[in-house]
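Enquirer: Before I ask anything, let me first share the structure, which is written out below as structure tokens.
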């Protein structure tokens, strides 16, 4: 197994930008992305459905930035919550330059045993929730003639894994949604891209995933380990910056998995 590299220093890549991130509480990719955005000079607002963890995440980011971090509870499966989040973000940030759609819901169930409720729950958060947030973002960004959206998908959008039909279908939908939205938004100067991580290991994942499955998934990676959440966050940050100004409708696979 190859050890993770040192945590990289910041370079002010998002100085002057405002960023809204969904599902940014906890220990996963969302919080790692929020932290990296703050470190790169952005003014960040976070949301999550878990209110206690959201408060803890906002406090940690405030300590890092030296200024209050606005936050709002939001369930992206509820349109009223999405509308309220955008109103709060507009008031707190004075406009959103970057939206990072990190909210997603997983689960494991064989297709023949999967219930309609299990299917709809995953699709409504992971795909339809992304659609709701993107629709709000484009209505906000396109008249301003600028903005960037980064969606968090998964390599399961094109790789098969037993028990993941609902999640894989949702993430494949996110990639199609990303491509179509990018074409529609391009004339207004708004970019829409996605990342597709393979596996990023963090405390919450370890709690809900068997060690046997984690071992099998990481064994398939060229480095013999899962990504650190901040390694995925770095790619999200890149897509949000002006360094990716000619990229839209693209998906960047954040993976070391070999065939």
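Enquirer: For the condition out of contact with any helix residue (DSSP H, G or I) (no Cβ under 6 Å at 6 or more places or on another chain) and under 28 Å from residue 147 (Cα atoms), what is the one hit in 105, 93?
Expert: Going through 105, 93 in turn, just one is out of contact with any helix residue (DSSP H, G or I) (no Cβ under 6 Å at 6 or more places or on another chain) and under 28 Å from residue 147 (Cα atoms): 93.
Enquirer: Wholly within the range 182-241, which helices (runs of 4 or more DSSP H) include no fewer than the required count, namely at least 2 residues that are at pLDDT 85 or above and out of contact with any helix residue (DSSP H, G or I) (no Cβ under 6 Å at 6 or more places or on another chain)?
Expert: The qualifying helices (runs of 4 or more DSSP H) are 229-240.
Enquirer: Of the conditions (1) buried (at least 22 other Cβ atoms within 10 Å of the Cβ); (2) closer than 20 Å to residue 248 by Cβ, residue 144 satisfies every one except a single condition; which number is it?
Expert: Among (1) buried (at least 22 other Cβ atoms within 10 Å of the Cβ); (2) closer than 20 Å to residue 248 by Cβ, residue 144 violates only (1).
Enquirer: Kindly provide the set of residues from the range 5-21 that are surrounded by fewer than 24 Cβ atoms within 10 Å (Cβ to Cβ) and either touching a strand residue (DSSP E or B) at 6+ places or on another chain (Cβ under 8 Å) or part of a strand (DSSP E or B) (or both), ordered by number.
Expert: Across the range 5-21, the qualifying residues are 17, 18.
To keep it simple, each residue is scored yes or no on (1) touching a strand residue (DSSP E or B) at 6+ places or on another chain (Cβ under 7 Å); (2) under 26 Å from residue 194 (Cβ atoms).
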site: 45; (1), (2): yes, yes
site: 60; (1), (2): no, no
site: 86; (1), (2): no, yes
site: 115; (1), (2): no, no
site: 129; (1), (2): no, yes
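Enquirer: Within the bounds of the range 71-91, is there any residue that is without any contact (Cβ under 8 Å) to a residue 60 or more places away in the chain, surrounded by 17 or more Cβ atoms within 10 Å (Cβ to Cβ) and closer than 24 Å to residue 235 by Cα?
Expert: Among the residues of the range 71-91, at least one is without any contact (Cβ under 8 Å) to a residue 60 or more places away in the chain, surrounded by 17 or more Cβ atoms within 10 Å (Cβ to Cβ) and closer than 24 Å to residue 235 by Cα, which makes the answer yes.
Enquirer: Of all residues in the range 23-37, how many are buried (at least 24 other Cβ atoms within 10 Å of the Cβ) and either touching a strand residue (DSSP E or B) at 6+ places or on another chain (Cβ under 7 Å) or closer than 22 Å to residue 77 by Cα (or both)?
Expert: Of the residues in that region, 9 qualify.
Enquirer: Next up: Filter the range 159-176 down to the residues that are under 19 Å from residue 102 (Cα atoms) and surrounded by fewer than 22 Cβ atoms within 10 Å (Cβ to Cβ), then identify the one that is nearest to the chain's Cα centre (by Cα).
Expert: 175
Enquirer: Now a separate question. For the structure I just gave you, tell me whether residue 57 is surrounded by 22 or more Cβ atoms within 10 Å (Cβ to Cβ), under 19 Å from residue 104 (Cβ atoms), within 15 Å of the chain's Cα centre (by Cα) and free of Cβ contacts under 8 Å to residues at least 40 places away in the same chain.
Expert: In short, no.
The values are calculated or read from the model by the stated rules, or taken from the named source; none is laboratory data. What you see is a predicted model; the values in this text were computed from it and never measured. For neighbour counting, all protein chains shown are included, and Cβ atoms are generated from backbone atoms with ideal geometry for every residue, glycine included.
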